[in-house]
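The values are calculated or read from the model by the stated rules, or taken from the named source; none is laboratory data. Here the structure is a predicted model, which means the values were calculated and not measured. Don't worry about glycine lacking a Cβ; one is built from the backbone with ideal geometry, like all the others, and counts go over all protein chains shown. Accessible surface is based on the protein model in full, side chains and every heavy atom, while ligands, DNA and RNA are left aside. Shrake-Rupley method; radii C 1.70, N 1.55, O 1.52, S 1.80 Å.
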Amino acid sequence: TKFALTEKVVLLEEIPLDETRDEIVNLGPIEKNATGKMEITKDGTKWRATLKANNGEVLFVTSDYATKANLLSGLENIRKEVENGHFIVHRDKQNRFQYHLLANNGTPLIIGETYAKKEAVFSAIDSVRRFAVDAKIILPE
């Protein structure tokens, strides 16, 4: 890296572990559960989906989409990447943890809740993996 008005160059062979903020998640096998629900809602002109576990716990909420067709297409991408296990865990400056589900190009598809403990974020990832792929889509009346 070169900074203005200086010739100082710092070469890093490796970033120290305590300074890393993102971690690729290595996922083991998981038993899928088809009792989850992907509830589709419309708020004014915006469409979004909420994944709920069989006990009603909210696992994630998508960002807003302009049309129902775009949302349904986005959900297919989300399901595909959940199956591919394309998750990273991000640690913020306060040492809280959050998962990101990434598209093939690295763009975040879903950003999960913030958790105080790393174990809790891994549990959330397992729940998303268990319920998202086979969740029944519930359309608004």
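Against the conditions (1) surrounded by fewer than 18 Cβ atoms within 10 Å (Cβ to Cβ); (2) among the hydroxyl-bearing types (Ser, Thr, Tyr); (3) assigned to a strand (DSSP E or B), residue 63 satisfies every one except (3).
Looking at region 90-138 only, could you name the residues that are in a helix (DSSP H, G or I), of a type in the set (S, T, N, Q) and open to solvent by 30 Å² or more (accessible area, probe 1.4 Å)?
Step one: of region 90-138, the residues in a helix (DSSP H, G or I) are 118-131.
After this cut, where a residue has to be of a type in the set (S, T, N, Q) as well, the list is 123, 127.
Matches in region 90-138: 123 only.
If you check residue 83 against the conditions, is it in a helix (DSSP H, G or I), of a type outside the set (A, V, I, L, M, F, W, C), in contact with a helix residue (DSSP H, G or I) (Cβ under 9 Å, 6 or more places away or on another chain) and closer than 21 Å to residue 37 by Cα? For residue 83, the condition - in a helix (DSSP H, G or I), of a type outside the set (A, V, I, L, M, F, W, C), in contact with a helix residue (DSSP H, G or I) (Cβ under 9 Å, 6 or more places away or on another chain) and closer than 21 Å to residue 37 by Cα - is met.
Summed over region 72-95, the residues that are free of Cβ contacts under 8 Å to residues at least 12 places away in the same chain and touching a strand residue (DSSP E or B) at 6+ places or on another chain (Cβ under 6 Å) give a count of 0. Residue 69 passes every criterion in (1) open to solvent by less than 50 Å² (accessible area, probe 1.4 Å); (2) farther than 21 Å from residue 30 by Cβ; (3) in a helix (DSSP H, G or I) apart from (1). Residues that are among the aliphatic types (A, V, I, L, M) and touching a residue at least 40 places away in the same chain (Cβ under 8 Å) within region 59-71 comprise just one, 59.
Quick one: is residue 54 of a type outside the set (D, E, K, R), touching a Gly at 6+ places or on another chain (Cβ under 7 Å), within 23 Å of residue 122 (Cβ to Cβ) and open to solvent by 40 Å² or more (accessible area, probe 1.4 Å)?
Values: of a type outside the set (D, E, K, R): yes; touching a Gly at 6+ places or on another chain (Cβ under 7 Å): yes; within 23 Å of residue 122 (Cβ to Cβ): yes; open to solvent by 40 Å² or more (accessible area, probe 1.4 Å): yes.
Taking the combined requirement at face value, the residue satisfies it.
Quick check: anything in region 80-87 open to solvent by 40 Å² or more (accessible area, probe 1.4 Å) and farther than 14 Å from residue 130 by Cα? Yes: region 80-87 contains one or more residues that are open to solvent by 40 Å² or more (accessible area, probe 1.4 Å) and farther than 14 Å from residue 130 by Cα.
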